[in-house]
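Q: Dropping a structure here in structure tokens format, bear with me for questions.
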Amino acid sequence: MVRRVAVVGAGVSGLAATKCCLEEGLEPTCFEQSDGVGGLWRYTDQAEEGRASIYRTVFTNSCKEMMCYSDFPFPDDHPNYMHNARLQQYICKYAQHFDLLRHVQFKTRVTKVKKRSDFSVTGQWEVVTQRDGKEETAVFDAVMICSGHHVYPNLPLAEFPGIQKFKGSYFHSREYKEPEKFRGKKVLVIGLGNSGCDIAVELSTVASQVYLSSRSGSWVMSRVWDNGYPWDMLVITRFRTWLGNILPTAISDWLYVRGMNRFFKHENFGLMPLNRTSRKEPVFNDDLPSRIACGVVVMKPNVKEFRETSVLFQDGTVQEDVDVVIFATGYSYAYPFMEDDSIIKCRDNQVTLYKGILPPRLEKPTMAVIGLVQSLGPIIPTADLQCRWAVKVFQGRWMSLCWVKTYFLTTLQTDYITYMDELASAIGVKPNVLKLLLTDPQLALKVFFGPCSPYQFRLTGPGKWSGARKAILTQWDRTLR
């Protein structure tokens, strides 16, 4: 019988995990190595070891109606996309509203998580923590790992010949905080992800020239979509998902590429993905195309070789007098506190987890990894639903003994609505559109044709929230406000 649960990390996933445990009558203890909640969204002037790090000007890529906790909407007067400081305030309010802080042990680092000797019978874990130089060991019935995947920088220097003889400075984007120190310099940013594009655009206001190098290209989307509405409220709908599933692949791919090219033709800007029909997460940047058009950001292919003061690219062009190189090359997924690192296998972005949550090599399903999946949808409601699902599994509500033989998610990338509905169906909280059509047609139409906002997963079943229907019917009002 699961009673005591250890939660590693007090970011958006860890707080959701703590709340879900409390709602199901469990006793969570959340360990957070910093002195505050928020995880990734808690900005600091210096990158801290073992913690995610963001730059000063980070804004959200998902709008407030799509990225909120499913039973805790943002205030009406908040902008649709938020600066990290405002999102951090919201996270703190969430923790206070549901009285979660008393279950968090701050300045406490988890140093080891290991199975107890009788794990095959009890499913229990030994968790070793460190605080003020003192070590403590405690036994828990289950563990929820909510430490995120933007902590350990991926710096593949071996893939860049000559980097050792390069006389300029170079570092991972994790270390970047603000642009002023790069005034008047020539800067090369490597990596066409969200961080790489944001940093390139921001530096273009102070640097003498910015070069943005990409190996495989990427789709670039604007936060502001048709008629000025948030992109995700128009794109992430049940209707569009249904349409994508019933259309032939060729037509679906054609529509996808056409939609991505609706504002500008990517190949004209040197941005076209090598795999045109890839559904990998696009980049969100409202300014990059105009920065390229103005010449202050110049697109470049992959780097072939570094020289002392110059860079040779794959297309044979050479850029002289480069002062700084910023590697926006992503992160590695690591869990150094796991005594047995085979429990959560991370290799080449491939992670084998049941439903993207449970490690499969366990005799008892008493460990959950929260927030490791990536989709076109927002992480907060995804983590929230993952936690609700995991807690039900811990309690043995519906878990089959042969779960190891069933469906696994072996990549971090997944379709948002399909994945959310799978978890929601399992715990009885997926909205039944046909039933709604008979009982509440107004709501049914909003649920099917409107944005698949998090409130949909609080309409019915365990964890039902009385404000969910009203939140769905008024979501566009808050957006316009």
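Q: Collect the residues in segment 211-232 that are among the polar types (S, T, N, Q) and not in a strand (DSSP E or B), keeping them in residue-number order. Please lay out each step first, then the result.
A: To start, the set of residues in segment 211-232 that are among the polar types (S, T, N, Q) comprises 213-214, 216, 218, 222, 227.
Ser214, Ser216, Ser218, Ser222, Asn227, listed by residue number.
Q: Checking the structure you have, find out if any residue of segment 120-130 is in a loop (DSSP other than H, G, I, E, B), open to solvent by 50 Å² or more (accessible area, probe 1.4 Å) and not hydrophobic (A, V, I, L, M, F, W, C). Spell out how you get there, then give the answer.
A: We begin by selecting, within segment 120-130, every residue in a loop (DSSP other than H, G, I, E, B); these are 123-124.
Cutting the leftovers down to open to solvent by 50 Å² or more (accessible area, probe 1.4 Å) gives us none.
Looking through segment 120-130, none of the residues is in a loop (DSSP other than H, G, I, E, B), open to solvent by 50 Å² or more (accessible area, probe 1.4 Å) and not hydrophobic (A, V, I, L, M, F, W, C).
Q: Exactly one condition in (1) over 14 Å from Val8 (Cβ atoms); (2) assigned to a loop (DSSP other than H, G, I, E, B); (3) modelled with pLDDT of 90 or more is not met by Val393; state its number.
A: (2)
Q: May I pose another question? Could you please find all residues in segment 132-142 being surrounded by fewer than 22 Cβ atoms within 10 Å (Cβ to Cβ) and in contact (Cβ under 8 Å) with a residue 60 or more places away in the chain?
A: To start, the set of residues in segment 132-142 that are surrounded by fewer than 22 Cβ atoms within 10 Å (Cβ to Cβ) comprises 132-139, 141.
Across segment 132-142, the qualifying residues are Ala138, Val139, Asp141.
Q: Helices (runs of 4 or more DSSP H) wholly in segment 422-481 with at least 2 residues that are loosely packed, with under 14 Cβ neighbours inside 10 Å - which ones?
A: Details: elements: 433-439, 441-449, 468-473, 475-480.
Output list reads 433-439, 441-449, 475-480.
Q: Yes or no: segment 240-263 includes at least one residue that is closer than 28 Å to Phe59 by Cα and in contact with a strand residue (DSSP E or B) (Cβ under 6 Å, 6 or more places away or on another chain). Steps first, please.
A: Applying the first criterion (closer than 28 Å to Phe59 by Cα) to segment 240-263 yields 240-241, 256-263.
If we keep only those that are in contact with a strand residue (DSSP E or B) (Cβ under 6 Å, 6 or more places away or on another chain) too, we end up with none.
Scanning segment 240-263, I find no residue that is closer than 28 Å to Phe59 by Cα and in contact with a strand residue (DSSP E or B) (Cβ under 6 Å, 6 or more places away or on another chain), so the answer is no.
Q: If I filter segment 146-158 down to residues being surrounded by 15 or more Cβ atoms within 10 Å (Cβ to Cβ) and of a type in the set (Gly, Ala, Ser), which single residue comes out as nearest to Asp321 (Cα to Cα)?
A: Gly148
Q: So, of the residues in segment 159-218 that are farther than 13 Å from Val325 by Cβ, of a type in the set (S, T, N, Q) and open to solvent by less than 20 Å² (accessible area, probe 1.4 Å), which turns out to be nearest to the chain's Cα centre (by Cα)?
A: My answer is Ser218.
Q: Tell me, please, whether a residue that is buried (at least 21 other Cβ atoms within 10 Å of the Cβ), outside any loop (DSSP other than H, G, I, E, B) and not assigned by the TED database to the domain that holds Asn302 can be found in segment 233-251.
A: Yes, some residue in segment 233-251 is buried (at least 21 other Cβ atoms within 10 Å of the Cβ), outside any loop (DSSP other than H, G, I, E, B) and not assigned by the TED database to the domain that holds Asn302.
Q: Leu288: at pLDDT below 95 and under 13 Å from Ser214 (Cβ atoms), yes or no?
A: Values: at pLDDT below 95: no; under 13 Å from Ser214 (Cβ atoms): yes.
Answer is no for this residue.
Q: While we're here: So which residues in segment 252-274 are polar (S, T, N, Q) and in a helix (DSSP H, G or I), if there are any at all?
A: Those that are polar (S, T, N, Q) and in a helix (DSSP H, G or I): Ser252, Asn268.
Q: Being in a helix (DSSP H, G or I), within 22 Å of Trp225 (Cα to Cα) and among the hydroxyl-bearing types (Ser, Thr, Tyr), is that true of even one residue in segment 275-284? Steps first, answer last, please.
A: Keep residues of segment 275-284 that are in a helix (DSSP H, G or I), which gives none.
Within segment 275-284, none of the residues are in a helix (DSSP H, G or I), within 22 Å of Trp225 (Cα to Cα) and among the hydroxyl-bearing types (Ser, Thr, Tyr).
Q: Looking for something over 25 Å from the mean Cα position of the chain (by Cα), modelled with pLDDT under 95 and in the same structural domain as Val369 (by the TED database) - is there at least one such residue anywhere in segment 314-323?
A: So far as segment 314-323 goes, no, none of its residues is over 25 Å from the mean Cα position of the chain (by Cα), modelled with pLDDT under 95 and in the same structural domain as Val369 (by the TED database).
Q: Report every pair of residues separated by at least 6 positions or lying on different chains whose Cβ atoms are under 7 Å apart, first residue within segment 66-86 and open to solvent by less than 10 Å² (accessible area, probe 1.4 Å), second aromatic (Phe, Trp, Tyr) and in a helix (DSSP H, G or I).
A: Between residues of segment 66-86 that are open to solvent by less than 10 Å² (accessible area, probe 1.4 Å) and residues that are aromatic (Phe, Trp, Tyr) and in a helix (DSSP H, G or I), the close pairs are Tyr69/Tyr94; Ser70/Tyr455; Ser70/Phe457; Phe74/Tyr90; Asn84/Trp41.
Q: Within segment 343-356, does at least one residue satisfy the condition of being modelled with pLDDT of 95 or more, within 18 Å of the chain's Cα centre (by Cα), charged (D, E, K, R) and buried (at least 20 other Cβ atoms within 10 Å of the Cβ)?
A: Taking segment 343-356 and keeping what is modelled with pLDDT of 95 or more, we get none.
No.
Q: All but one of (1) without any contact (Cβ under 8 Å) to a residue 60 or more places away in the chain; (2) among the β-branched types (Val, Ile, Thr); (3) surrounded by 24 or more Cβ atoms within 10 Å (Cβ to Cβ) hold for Val7; which doesn't?
A: Among (1) without any contact (Cβ under 8 Å) to a residue 60 or more places away in the chain; (2) among the β-branched types (Val, Ile, Thr); (3) surrounded by 24 or more Cβ atoms within 10 Å (Cβ to Cβ), the lone unmet condition for Val7 is (1).
Q: Also, I was wondering about something else. Tell me the residue from Val303, Val283, Val311, Val297 that is touching a helix residue (DSSP H, G or I) at 6+ places or on another chain (Cβ under 6 Å) and modelled with pLDDT of 95 or more, please. Before the answer, list the steps.
A: On the way: Val303 fails: touching a helix residue (DSSP H, G or I) at 6+ places or on another chain (Cβ under 6 Å); Val283 fails: modelled with pLDDT of 95 or more; Val311 fails: touching a helix residue (DSSP H, G or I) at 6+ places or on another chain (Cβ under 6 Å).
On inspection, the qualifying residue turns out to be Val297.
Q: Among Thr414, Thr382, Thr406, Thr418, which is the only one that is at pLDDT 95 or above and among the hydroxyl-bearing types (Ser, Thr, Tyr)? Even if it seems obvious, please write down each step before you answer.
A: Working: Thr414 fails: at pLDDT 95 or above; Thr406 fails: at pLDDT 95 or above; Thr418 fails: at pLDDT 95 or above.
Within the list Thr414, Thr382, Thr406, Thr418, the selection yields Thr382.
Q: Go through segment 223-232 and report how many residues are surrounded by 16 or more Cβ atoms within 10 Å (Cβ to Cβ) and either in the same structural domain as Gln456 (by the TED database) or of a type outside the set (Ser, Thr, Tyr) (or both).
A: Taking segment 223-232 first, the residues surrounded by 16 or more Cβ atoms within 10 Å (Cβ to Cβ) are 223, 225, 229-232.
If we keep only those that are either in the same structural domain as Gln456 (by the TED database) or of a type outside the set (Ser, Thr, Tyr) (or both) as well, we get 223, 225, 230-232.
Here the count works out to 5.
Q: Might you let me know whether segment 101-121 holds any residue that is over 30 Å from Asp341 (Cβ atoms) and out of contact with any helix residue (DSSP H, G or I) (no Cβ under 7 Å at 6 or more places or on another chain)? Steps first, please.
A: Of all residues in segment 101-121, those over 30 Å from Asp341 (Cβ atoms) come to 101-102.
So of that shortlist, the ones also out of contact with any helix residue (DSSP H, G or I) (no Cβ under 7 Å at 6 or more places or on another chain) come out as 102.
The answer is yes, given that some residue of segment 101-121 is over 30 Å from Asp341 (Cβ atoms) and out of contact with any helix residue (DSSP H, G or I) (no Cβ under 7 Å at 6 or more places or on another chain).
The values are calculated or read from the model by the stated rules, or taken from the named source; none is laboratory data. Quick caveat: nothing in here was measured; it's all calculated off a predicted structure. Glycine also receives a Cβ, built like all others from the backbone with ideal geometry; neighbour counts cover every protein chain displayed. Side chains included, ligands, DNA and RNA excluded: accessible areas come from the protein's heavy atoms. Shrake-Rupley method; radii C 1.70, N 1.55, O 1.52, S 1.80 Å.
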